[in-house]
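Shown next, in structure tokens, is the structure this report addresses.
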Amino acid sequence: AEDAESKRHIFLTGFMGAGKTTVGQALAERLGWEFVDLDRAIEKRVGLSIPEIFAQQGEDIFRHEETRSLQLLDDGPGKVVATGGGIVGREENRRLLSRLGKVVFLDLPWHVLQPRLQAQGGRPLATGAQGWEPVRRLYEMRQPYYRQADLRIECSGLSPWQIVTRIVEML
Ligand code: S3P
């Protein structure tokens, strides 16, 4: 009973640069659902940008806020939720994700993500300041957790609209 009642959201997961926000907005529009970006929700609550939170308060505080933002979702109608790439790191988060909704993994190979991250900037864990090898290792380490999703979409070569269509077909 708990499942049918509480699994109402759609969570987009995947590494930084996978397009969770872009696809999430488009998916929400297609479904006529509300869209929530967890990183933006955290920035609003804390009153600082993500890079500022990392710099001034540290990653642990950010991860705490991340879990908190999942817990705060636990009522109201179903939403499309774009998560931060590190959400799968904590066991508690993984449990919350699968309890609260359907988890959709936007899967892209590293060789597609890396140039995007380099071009976009603004991510404390993907600055390239230490070179890209540590970031690639983070990508590799997280793959098994992303793969615990209910749905995995291979996004390579697909436009956001095509990805949305694929998700809607598979839901
Ligand atoms: C992070 C990903 C970011 C943001 C924070 C940490 C990560 O979100 O939550 O910088 O650990 O992968 P995006 O995946 O939207 O870039």
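Brief remarks follow.
- Mean-position separation - Cα centroids, the stretch 113-138 and the stretch 1-51, in angstrom: 22
- When every Cα-Cα distance of the stretch 98-147 is counted in 10 angstrom steps from zero, the calculated P(r) takes the values 22, 49, 23, 6 percent.
- Look at the dipole of the stretch 18-171 built from charges on Cβ: of TRP110, LEU97, LEU72, the Cα furthest out on the positive end belongs to TRP110.
- Under a Gaussian network description of the chain, with springs only between Cα atoms under 10 Å, the residue in ILE50, ILE61, ILE87 that fluctuates furthest is ILE61.
- Maximal additional length on extending the ARG137-THR22 stretch stands at 38.9 nm, based on 0.36 nm per residue less the C-alpha distance.
- Taking amide H atoms as placed 1.01 Å from N in the peptide plane, the amide H of LYS79 lies under 5 Å from those of HIS9, ILE10, each 5 or more residues away in sequence or on another chain.
- Computed over the chain, the convex hull of the alpha-carbon atoms projects to a mean area of 9.6 nm².
Since every read-out is calculated from the coordinates, none of them should be taken as a lab result. Remember, it's a predicted structure, so these values are computed and weren't measured experimentally. For neighbour counting, all protein chains shown are included, and Cβ atoms are generated from backbone atoms with ideal geometry for every residue, glycine included.
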